[in-house]
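Values quoted throughout were computed directly from the atomic coordinates according to the rules given, and no laboratory measurement underlies them. Here the structure is a predicted model, which is why all the values come from computation and not from measurement. Don't worry about glycine lacking a Cβ; one is built from the backbone with ideal geometry, like all the others, and counts go over all protein chains shown.
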Amino acid sequence: MQVQAYAKLNLSLDILRRREDGYHDLQMVMQSISLADTLTITPGAGRMDTNLSYLPADGRNLAQAAAAAFRAATGLDIQVDIAIQKHIPVCAGLAGGSSDAAAVLRALNEHTGAGLSPERLAKIGEAVGSDVPYCVLGGTALAEGRGEVLTPLSPLPPCHVAVCKPPFPISTPQLFARVDTKKITRRPDTQGLIAALGRGDLPDVARRMYNVFEDVLEPRRRAQIDAIKAQLIDCGALGASMTGSGPTVFGLFLDESAAHRAVKALQEQYREVFLAQTV
């Protein structure tokens, strides 16, 4: 069985508060796009293989963790081999690992005939990773809590998405630590963005996109992120933002030729640049 695992974007990301359990309450508008990993799942002995040699192939890999979580939740003693062809950049804010895990849950549900609802699969996914429940359901959604409390939203109007991952890592724990100590000066208008989705107003959605993590980036990284955003806007993007904890930046385009131009221009400077659509 072959399944696709779609990347996600944060059209908005707000951090409301630090909780007593150490996690943070988030408020995010999420969107899935056509950039995807391909998973091949076959009956086997629990082996795993990827096209990236540095990725773990044991329980540290969320795809393997999802298979174990499915077995534990259903009581089904099923062993499968998982082969992942990675296309979504790793450690990029695109939920590649979470999307792979969600794809495994959906595939095992179909393969075994377990008949679990998407909501039940999303609940199983909570124990695997915070983004897994959203990746099970996909589409356009408001994610709250740690990301597991999901409310479907009116879909983002069809558009073209230029995606660029610059070649530097950003530490998610360090960003959260900075959020706890730094005053956030700008926040996304989440309700305004949701209202724009309800009207099907893509330009207004794009204008309202923002990620509070951009506010706490190191100055050098912030300048690099801002430069990519500016280049996307110069090429005709309706809006641009960083996704997740970065470093990936994306822009939304109505005009496909403008999106192609943006991708071509960014490819002159960056290796991991993609053109995608909403799904």
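Out of the residues in the range 228-259 that are without any contact (Cβ under 8 Å) to a residue 40 or more places away in the chain and of a type outside the set (A, V, I, L, M), state the one that is farthest from V216 (Cα to Cα). Top of the filtered list is S257. If the condition is being touching a strand residue (DSSP E or B) at 6+ places or on another chain (Cβ under 9 Å) and either under 24 Å from A276 (Cβ atoms) or not polar (S, T, N, Q) (or both), then the range 67-89 contributes A67, I78, V80, D81, I82, A83, I84, Q85, K86, H87, I88, P89.
For the range 112-121, the criterion of being of a type in the set (K, R), out of contact with any Ser or Thr (no Cβ under 6 Å at 6 or more places or on another chain) and buried (at least 17 other Cβ atoms within 10 Å of the Cβ) is met by no residue. For the range 11-39, a tally of residues being in contact with a Phe, Trp or Tyr (Cβ under 9 Å, 6 or more places away or on another chain) and under 16 Å from P89 (Cβ atoms) returns 6. Answer yes if at least one residue in the range 135-142 is in contact (Cβ under 8 Å) with a residue 60 or more places away in the chain and over 16 Å from the mean Cα position of the chain (by Cα), and no otherwise. There is no residue in the range 135-142 that is in contact (Cβ under 8 Å) with a residue 60 or more places away in the chain and over 16 Å from the mean Cα position of the chain (by Cα).
It is to be established whether one or more residues within the range 89-97 are crowded, with 24+ Cβ neighbours inside 10 Å and farther than 28 Å from A196 by Cα. Yes, some residue in the range 89-97 is crowded, with 24+ Cβ neighbours inside 10 Å and farther than 28 Å from A196 by Cα.
Quick check on G200: is it out of contact with any strand residue (DSSP E or B) (no Cβ under 7 Å at 6 or more places or on another chain), on the phi > 0 side of the Ramachandran plot and either among the charged types (D, E, K, R) or touching a residue at least 40 places away in the same chain (Cβ under 8 Å) (or both)? Against the criterion (out of contact with any strand residue (DSSP E or B) (no Cβ under 7 Å at 6 or more places or on another chain), on the phi > 0 side of the Ramachandran plot and either among the charged types (D, E, K, R) or touching a residue at least 40 places away in the same chain (Cβ under 8 Å) (or both)), G200 qualifies.
Test N10 against the criterion of being crowded, with 21+ Cβ neighbours inside 10 Å and polar (S, T, N, Q), and give yes or no. Spelling it out, N10 is indeed crowded, with 21+ Cβ neighbours inside 10 Å and polar (S, T, N, Q).
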